[in-house]
Amino acid sequence: GEDVEQSLFLSVREGDSSVINCTYTDSSSTYLYWYKQEPGAGLQLLTYIFSNMDMKQDQRLTVLLNKKDKHLSLRIADTQTGDSAIYFCAERADSWGKFQFGAGTQVVVTP
Amino acid sequence: EPEVTQTPSHQVTQMGQEVILRCVPISNHLYFYWYRQILGQKVEFLVSFYNNEISEKSEIFDDQFSVERPDGSNFTLKIRSTKLEDSAMYFCASRAADQPQHFGDGTRLSIL
């Protein structure tokens, strides 16, 4: 069945780059997404990538997609304390747009 | 920027009572969703809604749950006879065709 896996925790120093990894199982996924959740808040769309792309860059964010290995990563350059949050990887699982989410990666940025 | 809005932000209900969670999707969106996130767990899909009918639902979305778009702007999730295990954060989302889903800030539902 469909499954999305992420590592649960990442600690990074302010100013360094963060890399959050995600693997998925559904080879028919058309879009893959990264959402950010701050404490007590909703899910904020950060970026997404279409499955026929390998890479997408948006300011400090770089998404890499390895479709053969079903591996998605999110790189945050020059990580700031405001980047501390839970980051969710999600795949669009079917034509109706149902999302399958990973468990989320808690990113803690230390001074 | 347009937002998905959800009310209330926190709902406390006695077990066995009915609860209605409300959402106002972004106005030109056509696809609507409900998800839930039990504390410390994954965000789980409940139901998708398009053209005034359910397009897909998960096994969580049993006869206890229903959705409605009563007036062209609101999208509601009703839970009949709530159980303790219904306590969770419930997220509404909407999207336009071939666009990402936009989520509301969620309603925290606490069943006592």
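Rule-based calculations on the coordinates, nothing more; no lab input. Bear in mind that the values here come from a model prediction, so they are computed numbers and not experimental data. Virtual Cβ from ideal backbone geometry, glycine too; neighbours counted across all protein chains shown.
For chain B, report the convex hull volume of the alpha-carbon atoms normalised per residue, in Å³, without decimals.
102 Å³
If amide hydrogens are placed 1.01 Å from N in the peptide plane, which non-local residues have theirs closer than 5 Å to the one on A:K98?
Residues meeting the criterion, in which the H sits 1.01 Å from N, are A:A93.
Please list 3J(HN,Hα) in residue order for segment B:72-86, calculated via the Karplus relation 6.51 cos²θ - 1.76 cosθ + 1.60 where θ = phi - 60°; whole Hz, with x for glycine and proline.
Values, residue by residue: x, 10, 8, 9, 10, 10, 10, 10, 8, 6, 4, 10, 4, 6, 7 Hz.
Return the long-range amide H neighbours of B:L109 (sequence gap of 5 or more, or a different chain), with a cut-off of under 5 Å between placed amide H atoms.
Hits under the 5 Å cutoff: B:Q11, B:A88, B:M89, B:Y90.
So what is the diffusion coefficient of the protein assembly as shown in µm² per second by Stokes-Einstein at 37 °C and 0.692 mPa s, using a Kirkwood Rh over Cα pairs?
In µm²/s, the coefficient is 182.
Which whole number gives the average count of other chain Cβ atoms within 10 Å of the Cβ atoms across peptide A:83-90?
1
Explain nothing, just compute: Karplus ³J(HN,Hα) = 6.51 cos²θ - 1.76 cosθ + 1.60, θ = phi - 60°, for every residue of segment B:51-66 in order, whole Hz, x for Gly and Pro.
Computed from phi, the couplings for segment B:51-66 are 6, 6, 8, 5, 9, 7, 9, 8, 5, 5, 7, 9, 5, 6, 9, 8 Hz.
I need to check one value: relative contact order of chain B, counting alpha carbon pairs closer than 8 Å and at least 6 residues apart, in percent.
So the answer I get is 39 percent.
Taking neighbour Cβ counts within 10 Å as the exposure measure, how do B:I60, B:I111, B:I20 sort from fewest upward?
The order, fewest Cβ neighbours first, is B:I20, B:I60, B:I111.
Report the FRET efficiency, 1/(1 + (r/R0)^6), for B:V12 and B:R80, where r is their Cβ-Cβ distance and R0 is 25 Å, rounded to 0.05.
With a Förster radius of 25 Å, E is 0.90.
Would you mind ranking A:D58, A:D16, A:D26 so that the residue whose beta carbon has the fewest other beta carbons within 10 Å leads the list?
Final ranking by Cβ density, sparse to dense: A:D58, A:D16, A:D26.
Just rank B:H10, A:H71, fewest to most, by other beta-carbon atoms within 10 angstrom.
Final ranking by Cβ density, sparse to dense: B:H10, A:H71.
Please state, to two decimals, what the Cα-based radius of gyration of segment A:1-69 comes to when divided by 2.2 N^0.38 Å (N = residues).
Output field value: 1.20.
Run down the lysines and flag those whose C-alpha is under 28 Å from the C-alpha of A:K36, throwing out any fewer than 8 positions away in its chain.
A:K56, A:K67, A:K68, A:K70, A:K98, B:K42, B:K57, B:K78
Using each residue's phi in segment A:76-86, evaluate 6.51 cos²θ - 1.76 cosθ + 1.60 at θ = phi - 60° and report the 3J(HN,Hα) Karplus result to the nearest Hz, with x for Gly and Pro.
Computed from phi, the couplings for segment A:76-86 are 10, 7, 6, 4, 10, 4, x, 7, 5, 4, 9 Hz.
Hey, if you drop one equal point scatterer on each alpha-carbon of segment B:9-72 and run the Debye formula without solvent, what base-10 log of I(q)/I(0) do you get at q = 0.16, 0.26, 0.27 Å⁻¹?
-0.64, -1.40, -1.43
Using modelled amide H (1.01 Å from N, peptide plane; none on Pro or chain starts), what sits under 5 Å from the amide H of A:T47, excluding residues fewer than 5 places away?
Distant-sequence amide H within range of A:T47: A:W34.
Can you tell me the Rg and Dmax of segment A:34-111, counting just the alpha carbons, in angstroms?
For segment A:34-111, the Cα radius of gyration and maximum Cα-Cα distance read 13.1, 43 Å.
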